[in-house]
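Report on the following structure.
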Amino acid sequence: MKLIVNGEALEAKAATLDALLKELDYEGGWLATALNGDVVPAAKRPEFQLSEGDRIEILSPMQGG
Amino acid sequence: MFELFGTKLASRLLLGTAQYPSPAVLAEAVKASGTSVVTASLRREMAGGRGGEKFWSLVNSLGVRILPNTAGCHSVREAVTTAKMAREVFGTPWIKLEVIGNHDTLQPDVFGLVEAARILCEDGFDVFPYTTDDLVVAERLLGAGCKVLMPWCAPIGSALGPVNIMALRSMRGHFPDVPLIIDAGLGRPSHAATVMELGFDAVLLNTAVAKAADPVGMARAFSKAVDAGREAYGSGLLEPRDVAVPSTPTIGRAVFS
């Protein structure tokens, strides 16, 4: 299905957010995710079903002021 | 000793982690500053990327508290969502809340700021709002549940130092019991000393240290300035006078003519 991940359109096979992270080679306990503007805690990613056109943000810690 | 949300902090200098020439210099600057709190942010991670992992390891090795920010957020929803994501990743209810209202000045959108602060305070966050020196906005933020205020003294990264001393003095006077941290606009250690002499509880700075020719030396200089300003405030500063007053006693002066 077509998804928007970090602003980029892509085609993915994954049905859940957890599976999508694996499919796109994201890993690590320092990642934070949001689906269509709402936070999805790490523990809930396996049960979060993805739908066509979903917008996903995958963030990690960075330098900041 | 200085206390924020029940946490005792040895230093009144909070330091940002951005724009340093290298991670090693950042680590050295943090050490030289003696800070107890550093700020950090969240940004998009590349697929397969490990940028976040490196920074995550670095900040965890510094032995200081992390104050995540919502830098770059221009709406209440963006800021609230980013704060919640930061809480999960950094494992802290502390959040430096930024809702930017103007691209050029990076001035906070104070209306959105108050709204976002209310939502986050009700959700259990310890909110550090990046605000202006406006007293009414400050009152609204306190009404929304904020326990700490972080007014700017000049636009972010401008290095102008305190441009409105009267407003800062007024803010200190109106909120004697609220921890006030100057966030943004400091360029020199003397600026930090000035706001500390006014009675501000702490300062948060980043660019002035990170972009100095020697960030480690500048971190140390700011640390000394913050301590000096605080001690001066507690020691009772002499008020300026319009006339000269001799410091050497005039009694007993010899007369030669």
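The values are calculated or read from the model by the stated rules, or taken from the named source; none is laboratory data. Small disclaimer: the values here were computed from a predicted structure and weren't measured. For neighbour counting, all protein chains shown are included, and Cβ atoms are generated from backbone atoms with ideal geometry for every residue, glycine included. With ligands, DNA and RNA removed, areas are computed over all heavy atoms of the protein, side chains included. Shrake-Rupley method; radii C 1.70, N 1.55, O 1.52, S 1.80 Å.
For the reader, a short list of remarks on this structure follows.
- Only residues that are of a type outside the set (Asp, Glu) and over 26 Å from residue B:182 (Cα atoms) were counted in the stretch B:23-53, giving 9.
- Look at (1) facing chain B (nearest Cβ under 7 Å); (2) surrounded by 15 or more Cβ atoms within 10 Å (Cβ to Cβ); (3) not β-branched (Val, Ile, Thr) and you find that residue A:54 fails only one, number (1).
- Screening B:70, B:7, B:81 for residues that are facing chain A (nearest Cβ under 7 Å) and of a type in the set (Ser, Thr, Tyr) leaves exactly one candidate, B:81.
- Check on residue B:257, out of contact with any Cys (no Cβ under 6 Å at 6 or more places or on another chain), modelled with pLDDT under 95 and either in a helix (DSSP H, G or I) or small (Gly, Ala, Ser) (or both): yes
- Every listed requirement among (1) open to solvent by 10 Å² or more (accessible area, probe 1.4 Å); (2) within 13 Å of another protein chain (Cβ to nearest Cβ); (3) farther than 13 Å from residue A:64 by Cβ; (4) part of a helix (DSSP H, G or I) is met by residue B:114 save one, (2).
- Subset of the stretch B:31-71 [out of contact with any strand residue (DSSP E or B) (no Cβ under 6 Å at 6 or more places or on another chain) and more than 17 Å from residue A:28 (Cβ to Cβ)]: B:31, B:32, B:34, B:62, B:63
- Residue A:59 closer than 20 Å to residue B:55 by Cα and surrounded by 15 or more Cβ atoms within 10 Å (Cβ to Cβ): yes
- Members of the stretch B:57-70 that are open to solvent by less than 50 Å² (accessible area, probe 1.4 Å), over 13 Å from residue B:37 (Cα atoms) and modelled with pLDDT under 95: B:58
- Just so you know, in the stretch B:82-107 the residues that are under 23 Å from residue B:158 (Cα atoms) and touching a residue at least 40 places away in the same chain (Cβ under 8 Å) include one that is least open to solvent (accessible area, probe 1.4 Å), and it is B:96.
- Among the residues of the stretch B:221-257, those that are touching a residue at least 60 places away in the same chain (Cβ under 8 Å), of a type outside the set (A, V, I, L, M) and under 15 Å from residue B:33 (Cα atoms) comprise B:222, B:223, B:227.
- Test result for residue B:216, at pLDDT 95 or above and under 24 Å from residue B:99 (Cα atoms): no
- Residue ranges of strands (runs of 3 or more DSSP E) in the stretch A:1-49 with at least 2 members in contact with a strand residue (DSSP E or B) (Cβ under 7 Å, 6 or more places away or on another chain): A:2-5, A:8-11, A:32-35
- Output for the stretch B:182-209, where each listed residue is within 14 Å of chain A (Cβ to nearest Cβ) and surrounded by 23 or more Cβ atoms within 10 Å (Cβ to Cβ): B:182, B:183, B:184, B:185, B:186, B:203, B:204, B:205, B:206, B:208, B:209
- Residue pairs meeting the criteria (Cβ under 8 Å; at least 6 apart or on separate chains; first within 16 Å of residue A:1 (Cβ to Cβ), in the stretch A:16-28; second open to solvent by less than 40 Å² (accessible area, probe 1.4 Å) and in a helix (DSSP H, G or I)): A:16/A:45; A:17/A:45; A:18/A:45; A:21/A:45
- Any hit, the stretch B:166-176, residues being buried (at least 23 other Cβ atoms within 10 Å of the Cβ) and assigned to a helix (DSSP H, G or I): yes
- When the stretch B:14-67 is filtered for residues that are at the interface with chain A (Cβ under 7 Å from one of its Cβ atoms), under 21 Å from residue B:212 (Cα atoms) and assigned to a strand (DSSP E or B), the ones remaining, listed by number, are B:39, B:40.
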